[in-house]
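A short worksheet on the structure shown next.
The values are calculated or read from the model by the stated rules, or taken from the named source; none is laboratory data. Note that the coordinates shown come from a computational prediction; the quantities given were computed from them, not determined experimentally. In this analysis, Cβ positions are derived from the backbone assuming ideal geometry, glycine residues included, and neighbour counts consider all displayed protein chains. Surface accessibility is based on the protein's heavy atoms, side chains included, excluding ligands, DNA and RNA. Shrake-Rupley method; radii C 1.70, N 1.55, O 1.52, S 1.80 Å.
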Amino acid sequence: MVKVIASSVRKGNVLDVDGKLYVVLTAQNFHPGKGTPVTQVDMRRIVDGVKVSERWRTTEQVERAFVEDVNFQFLYEDGEGFHFMNPATYDQVVVDNETMGDQKAYLQEGMTCILSIHEGVPLALELPRHVVLEITETEPVVKGQTASSSYKPAMLSNGIRTMVPPHIDAGTRVVIATEDNSYVERAKN
């Protein structure tokens, strides 16, 4: 186990709290005008899937469990779960629906992801920061809208809603940030 300060905890980290392993779902640092800065962490206990919310002072020490982060390639999904293969060793692992969470919408065949593995068990998945998706539907441009400040709702090919600039139409391929479903730019290819 490695001790780290709470402010350095990120999504996907695995923490050892009171002898139990937790995977971090979200981690936010709050710096109020008065008082002590704190880190708010939402976690899922690995053994039973119970979600827990924890708050530490940003300078407090927390224990990170030793977890191996390995590149895996997404193969397919079936009733068993999501199948990944290690391209170096050709070992395959199955990630269950609970571990995948809402990230499954971004999975594409052949996509390389980072799996956090603890004692042979996949605990968390880290997607690439950006993915290219197609806009399936969006509202028409309203005359008089300025391109700099106004965005319009759009539906992506994976079923997720996002906001895009007015010049983006249905059928356009765009780059989306997987962390917060936000528009980054029009795809280059």
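Note on region 1-122: dipole from Cβ charges, positive end direction compared against His31, Val2, Val41; the farthest Cα belongs to His31.
Comparing Tyr76, Leu123, Asn189 along the charge dipole axis of the chain, the residue lying farthest to the positive side is Asn189, per the Cβ-charge model. For region 1-62, the per residue solvent-accessible surface stands at 60 Å², with DNA, RNA and ligands left out and a 1.4 Å probe.
Quote the charge dipole size of region 68-126 about the Cα centre in Debye, to the nearest 20; the model charges only the Cβ of Lys and Arg (+1) and of Asp and Glu (-1).
Values: 1 positive and 12 negative charges, 32 e Å.
So the magnitude is around 160 debye.
For the chain, the spherically averaged projection of the C-alpha convex hull amounts to 14.1 nm².
Quick check for the chain: number of Lys pairs with alpha-carbon distance under 17 Å, counting only pairs 8 or more apart or on different chains? Don't jump to the answer; show the numbers that get you there.
Details: Lys3/Lys11; Lys3/Lys20; Lys11/Lys51; Lys11/Lys104; Lys20/Lys51; Lys143/Lys152.
Lysine pairs meeting both conditions in the chain amount to 6.
Return an integer: the convex hull volume of the alpha-carbon atoms of region 130-186, in Å³ per residue. Please list the in-between numbers first.
On the way: hull volume 3.9 nm³, N = 57.
With only Cα atoms used, region 130-186 gives 68 Å³ per residue.
Relative contact order, whole percent, for region 68-126 stands at 37, derived from Cα pairs under 8 Å and 6 or more residues apart.
Using 1/(1 + (r/R0)^6) with R0 = 30 angstrom and r between the beta carbons of Thr36 and Glu179, what's the FRET efficiency to the nearest 0.05? Could you put the intermediate results ahead of the total?
Working: r = 27 Å, r/R0 = 0.89.
Result of the calculation: an efficiency of 0.65.
Protein heavy-atom accessible surface, 1.4 Å probe, per residue over region 130-186: 58 Å². A simple charge model with +1 on the Cβ of Lys and Arg, -1 on the Cβ of Asp and Glu and nothing else charged puts the dipole of region 130-186 at about 160 debye relative to its Cα centre.
Principal axis extents of the C-alpha atoms in region 68-126 (largest first, rounded to whole Å): 25, 21, 19. Taken about its Cα centre, the chain carries a charge dipole of roughly 960 debye when the Cβ of each Lys and Arg holds +1 and the Cβ of each Asp and Glu holds -1.
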